[in-house]
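Here is the structure we will look at, set down as structure tokens.
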């Protein structure tokens, strides 16, 4: 190594690792709860009820659980990459943020459509519908990635600039 050659320092990934670990864990846990609720409804029948799922506004939706598990897996893979010293693992945190926000917007659009069905069109299928009826983990969990996006939106570079 040449004396004039300065070793390239990698930026600190401590905060993104903690953020990704928290988000990944929450998405995976709620994805598993949602998967259990959906599987229970299929295997046991419509009378199956999980108290934890009701408290957390987790519907029995197997496809929705796969979405939550996918987002959580992206975050956790980023944690593994960053912990092993690969700075580019921070890209997984950014992608996790973007996927979480995209699905939250989709869920909000569906909820808006249901709101229009219930109150504007007075559809009988939506009698008794409230906004809480469509509250899903993909919506309220996306608040954490939203704050992270607002804070980190200017540093979305895969490789630090010198």
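Residues that are free of Cβ contacts under 8 Å to residues at least 12 places away in the same chain and buried (at least 18 other Cβ atoms within 10 Å of the Cβ) within segment 53-111 comprise just one, 81.
Within segment 60-78, the only residue that satisfies the criterion of being more than 15 Å from the chain's Cα centre (by Cα) and assigned to a helix (DSSP H, G or I) is 62.
Quick check on segment 40-52. Is at least one of its residues part of a helix (DSSP H, G or I) and within 13 Å of residue 136 (Cα to Cα)? No, there is no match, as no residue in segment 40-52 is part of a helix (DSSP H, G or I) and within 13 Å of residue 136 (Cα to Cα).
Take the residues in segment 110-127 that are farther than 23 Å from residue 64 by Cβ and part of a loop (DSSP other than H, G, I, E, B), then tell me which one is nearest to the chain's Cα centre (by Cα). First the steps, then the outcome.
Within segment 110-127, the first condition is being farther than 23 Å from residue 64 by Cβ, and the residues that meet it are 119-122, 124, 127.
Within this subset, residues satisfying the condition of being part of a loop (DSSP other than H, G, I, E, B) are 121-122, 127.
Working: 121: 32, 122: 32, 127: 30 Å.
Among those residues, the one meeting the criterion is 127.
Going by the structure shown, is residue 139 surrounded by 15 or more Cβ atoms within 10 Å (Cβ to Cβ), farther than 17 Å from residue 59 by Cβ and touching a helix residue (DSSP H, G or I) at 6+ places or on another chain (Cβ under 9 Å)? Spelling it out, it is not the case that residue 139 is surrounded by 15 or more Cβ atoms within 10 Å (Cβ to Cβ), farther than 17 Å from residue 59 by Cβ and touching a helix residue (DSSP H, G or I) at 6+ places or on another chain (Cβ under 9 Å).
A short reminder: the numbers here are calculations on the coordinates, not readings from a lab. Note that this is a predicted model, so its numbers are computed, not measured. Ideal geometry is used to build each Cβ from the backbone, glycine not excepted, and the neighbour counts take in all protein chains shown.
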